[in-house]
Amino acid sequence: MNWILRVLDREIKRFKTADPFEIASGRHIVIRYFPLGDTFGFYMKNARHQVITINSDIEDFKKLYTCCHELGHAVLHPNENTPFLNQNTIRSRGKIETQAHYWATMEVLKYRQSRPEYYETRNLLLRENGIPYEMAKFF
């Protein structure tokens, strides 16, 4: 997954930020908010327009992770229309979901300038940064 980190670092360098909302804006990706029930968000490309939809009813820290995840899809899999997580099925389903989770986990840490070695446990690192516990497998 080193290639994903290289692409992420390139995006951060290009836009001079790790903020997923600013990167999306710089890439002309539309971010919209709607109540989506149990779905956190999804990415789609329609007629050359990339759109990230985020559930307006979830907490802000979940919106950050969701935006990072969907931005991962937009950058890594731009021609795929991918539904995101369901609250009850946060586990990755397939290769592209795993890649988007990895992207999101690393981007959140870069955005928050968090370093894993400064935390006593993986779960503490994840909890403090609003990353789902299932992403502990990336450390």
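Please treat every number below as a calculation from the coordinates, not as lab data. These figures come from a predicted structure and were not determined experimentally. Neighbour counts run over all protein chains shown; Cβ positions are idealised from the backbone, glycine included.
Lysine pair count for the chain with Cα-Cα distance under 24 Å and sequence separation of 8 or more or different chains is 17.
Residue exposure proxy: M106, M44, M1, ordered by other Cβ atoms within 10 angstrom of their Cβ from fewest to most, comes out as M1, M44, M106. Phi angles of the stretch 72-80 translate, via the Karplus equation with coefficients 6.51, -1.76, 1.60 and θ = phi - 60°, into HN-Hα couplings of x, 4, 4, 7, 7, 9, x, 9, 9 Hz per residue; Gly and Pro are given as x. Couplings 3J(HN,Hα) of the stretch 4-12, computed from phi: 5, 4, 5, 5, 4, 4, 4, 5, 5 Hz, in residue order, whole Hz [Karplus 6.51 cos²θ - 1.76 cosθ + 1.60, θ = phi - 60°; x for Gly and Pro]. Note on the chain: helix-only mean residue ellipticity at 222 nm, from DSSP H runs of 4+ residues weighted -39500 (n - 2.57) and normalised by residue number, equals -14500 deg cm²/dmol.
With both bridge residues required to lie in the stretch 1-81, what share of the DSSP beta bridges run antiparallel, to the nearest 5%? The antiparallel proportion sits near 55 percent.
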